Amino acid sequence: MNRRNDISLLPYNTFGIDAKCRSFAEYDSPEELGEILKAWQGKGKMLHIGGGSNLLFLGDYDGLILHSNIKGIKNTDDGLLRVGAAVVWDDFVAYTLENGWYGLENLSLIPGEVGASAVQNIGAYGAEAANFIEGVECMNLTTGERRTFTNAECHYGYRQSIFKTPEEKGKWAVLYVNYRLSRTFVPQLDYGGIRAQLERKGIALDTLTAEQLRQTIIELRQSKLPDPKVQGNAGSFFVNPVVSRQKYEALVKEYPNMPHYEVSAEEVKIPAGWMIEQCGWKGRSLGNAAVHDKQALVLVNKGGATGQDIVRLCETIQEAVRTKFGIQIHPEVNFI
Ligand code: EPU
């Protein structure tokens, strides 16, 4: 167990915001978390964090920040992997491929930890964590009760889960996530330039290995997304808005090259990054905050930005997109 008071949160958020917290506790087991929760009773608010890749601290945090140090990957039954919440996501993906378990290739190099993968339903290149999660083992932060949510009980949707709803948000710590993977490699290549990149690399589809696909996804991500170790950021800052088909059809008349993803017969998702670029914000700065020059969905800290600087840029972009497209875009990042 690691408990400290009044520490800087700089190492715990990939945006590189230098905020402080009153108290910080890292636990190695569910039992230790239980003890910490008992000792904190009545002392104030709590926030459970993961790898800090989806957080924006607007100021100091006057409460307890919890972080799991529960590691380990256990193959409990053929293909069911029980993974500690604190395992680094991409280490888990690498482990699965090294051990001949397939499914997570397209989710390579997403920053963060396994616990958050089940909360955020992380997704990229046509794959989502929810497609592979069998259950999420949690502890109630108020009562200490342990509960396993089945996949159905998690109510997964695009970047959505029960753990993000107003009723359940902040209520549960994820202890372990149970991932169900396959011994058969079925490549998913239909999204976002994967085939073109494979062709550039001269890799034939009939001999493609899971490791080659992983490396291709890593290269695609690295070509567009800034490395948080080099420049503070939290990946996609906004979620892509889902609009009615009627709205989409009206817009596509005006912008025939507008990309989109089909959601259902009634709804269509429009890439917020494309709209932000159309508004002229790609690569532009406002004070120490900027829009990434290779992917406009990502806001970056140019150095020394405060949470407020990022919020100012966020609101300016929201206003620009609302004015040009009549669509309200919402942050994916949690403001604390
Ligand atoms: N686009 C632009 N300009 C930009 C950015 C995008 O025109 O600056 C266009 C692209 O050309 C493409 C479309 O918008 O036609 C979609 O772009 P991209 O494939 O880069 O994906 P995205 O929808 O912007 C989502 C995820 C990413 C994930 C990629 C790839 C969300 C919120 N974001 O972005 O997730 O890596 O797809 O699958 O759904 C993350 O969550 O941190 C993240 C990076």
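Report, ordered by the first and then the second residue, all pairs with beta carbons closer than 7 Å, sequence separation of six or more or different chains, a first member in region 64-91 that is on the phi > 0 side of the Ramachandran plot, and a second member that is buried (at least 21 other Cβ atoms within 10 Å of the Cβ).
Close Cβ pairs (under 7 Å, with a partner that is buried (at least 21 other Cβ atoms within 10 Å of the Cβ)) amount to G72/G84; G79/W101.
Just a yes or no: is a residue in region 107-129 free of Cβ contacts under 8 Å to residues at least 12 places away in the same chain and within 25 Å of D28 (Cα to Cα)?
Pass one, region 107-129, residues free of Cβ contacts under 8 Å to residues at least 12 places away in the same chain: none.
No.
Taking strands (runs of 3 or more DSSP E) that do not extend beyond region 1-63, which have at least 3 residues that are open to solvent by less than 40 Å² (accessible area, probe 1.4 Å) and outside the structural domain of M139 (by TED's automatic domain parsing)? Walk me through it before giving the result.
Numbers: elements: 2-8, 20-27, 45-49.
Output list reads 20-27.
Go through region 143-165 and count every residue that is among the β-branched types (V, I, T) and within 16 Å of the ligand (Cβ to nearest atom).
Here is the first cut: in region 143-165, the ones among the β-branched types (V, I, T) are 143, 148, 150, 162, 165.
Remaining after also requiring within 16 Å of the ligand (Cβ to nearest atom): none.
The number of residues fulfilling the criteria is 0.
So which residues in region 134-173 are among the small types (G, A, S), part of a strand (DSSP E or B) and under 18 Å from the mean Cα position of the chain (by Cα)?
Here is the first cut: in region 134-173, the residues among the small types (G, A, S) are 135, 144, 152, 157, 161, 170, 173.
Remaining after also requiring part of a strand (DSSP E or B): 135, 157, 173.
Across region 134-173, the qualifying residues are G157, A173.
May I ask you to list pairs of residues, at least six apart or on different chains, whose Cβ atoms are under 9 Å apart, with the first in region 217-237 being acidic (D, E) and the second being assigned to a strand (DSSP E or B)?
D227/N233
Take L97 and decide whether it is in contact with an Asp or Glu (Cβ under 7 Å, 6 or more places away or on another chain), within 27 Å of Q212 (Cα to Cα) and touching a residue at least 40 places away in the same chain (Cβ under 8 Å).
On the way: in contact with an Asp or Glu (Cβ under 7 Å, 6 or more places away or on another chain): yes; within 27 Å of Q212 (Cα to Cα): yes; touching a residue at least 40 places away in the same chain (Cβ under 8 Å): yes.
Yes: the conditions hold for L97.
Out of all the residues in region 169-191, is one or more among the acidic types (D, E) and free of Cβ contacts under 8 Å to residues at least 40 places away in the same chain? Show your work before the answer.
In the first step, residues of region 169-191 are kept if they are among the acidic types (D, E); the result is 190.
Applying the additional criterion that residues be free of Cβ contacts under 8 Å to residues at least 40 places away in the same chain yields none.
Taking every residue of region 169-191 in turn, none turns out to be among the acidic types (D, E) and free of Cβ contacts under 8 Å to residues at least 40 places away in the same chain.
Applying the selection to region 293-336, what residues are more than 14 Å from G232 (Cβ to Cβ), out of contact with any strand residue (DSSP E or B) (no Cβ under 7 Å at 6 or more places or on another chain) and open to solvent by 40 Å² or more (accessible area, probe 1.4 Å)?
Listed by number, the residues that qualify are D293, K294, Q295, Q308, E315, E319, R322, T323, K324, G326, Q328.
Can you name the condition, by its number, that A127 falls short on among (1) within 14 Å of the ligand (Cβ to nearest atom); (2) in contact with a Cys (Cβ under 6 Å, 6 or more places away or on another chain)?
For A127, the failing item is (2).
Restricting to region 95-133, count the residues that are farther than 19 Å from N178 by Cβ and either open to solvent by less than 10 Å² (accessible area, probe 1.4 Å) or assigned to a helix (DSSP H, G or I) (or both). Steps first, answer last, please.
Going residue by residue through region 95-133, those that are farther than 19 Å from N178 by Cβ are 98, 105-106, 108-109, 111, 124-126.
Those left that are additionally either open to solvent by less than 10 Å² (accessible area, probe 1.4 Å) or assigned to a helix (DSSP H, G or I) (or both): 98, 105-106, 108.
Total meeting the criteria: 4.
Name every residue in region 98-115 that is closer than 23 Å to D227 by Cβ, away from the ligand (no atom under 11 Å from the Cβ) and not acidic (D, E), in order of residue number.
L104, V114, G115
Could you go through region 103-112 and let me know if any residue there is charged (D, E, K, R), more than 22 Å from G193 (Cα to Cα) and over 14 Å from the mean Cα position of the chain (by Cα). Working first, answer last.
Residues of region 103-112 that are charged (D, E, K, R), as a first pass: 105.
Those left that are additionally more than 22 Å from G193 (Cα to Cα): none.
The answer is no; no qualifying residue exists.
State all residues of region 100-133 that are at positive phi and of a type in the set (S, T, N, Q); if no residue qualifies, say none.
N121
Search region 194-220 for residues being within 21 Å of the chain's Cα centre (by Cα) and open to solvent by 30 Å² or more (accessible area, probe 1.4 Å), and hand back the single one that is farthest from L104 (Cα to Cα).
To start, the set of residues in region 194-220 that are within 21 Å of the chain's Cα centre (by Cα) comprises 194, 213-220.
Right, trim to open to solvent by 30 Å² or more (accessible area, probe 1.4 Å) and you get 215, 219.
Details: Q215: 12, E219: 16 Å.
The residue in question is E219.
The values are calculated or read from the model by the stated rules, or taken from the named source; none is laboratory data. Predicted model only: the values in this text are computed from it and were never measured. Backbone-built Cβ (ideal geometry, glycine too); neighbour counts: all protein chains shown. Protein only, heavy atoms only, side chains kept; ligands, DNA and RNA dropped before computing areas. Shrake-Rupley method; radii C 1.70, N 1.55, O 1.52, S 1.80 Å.
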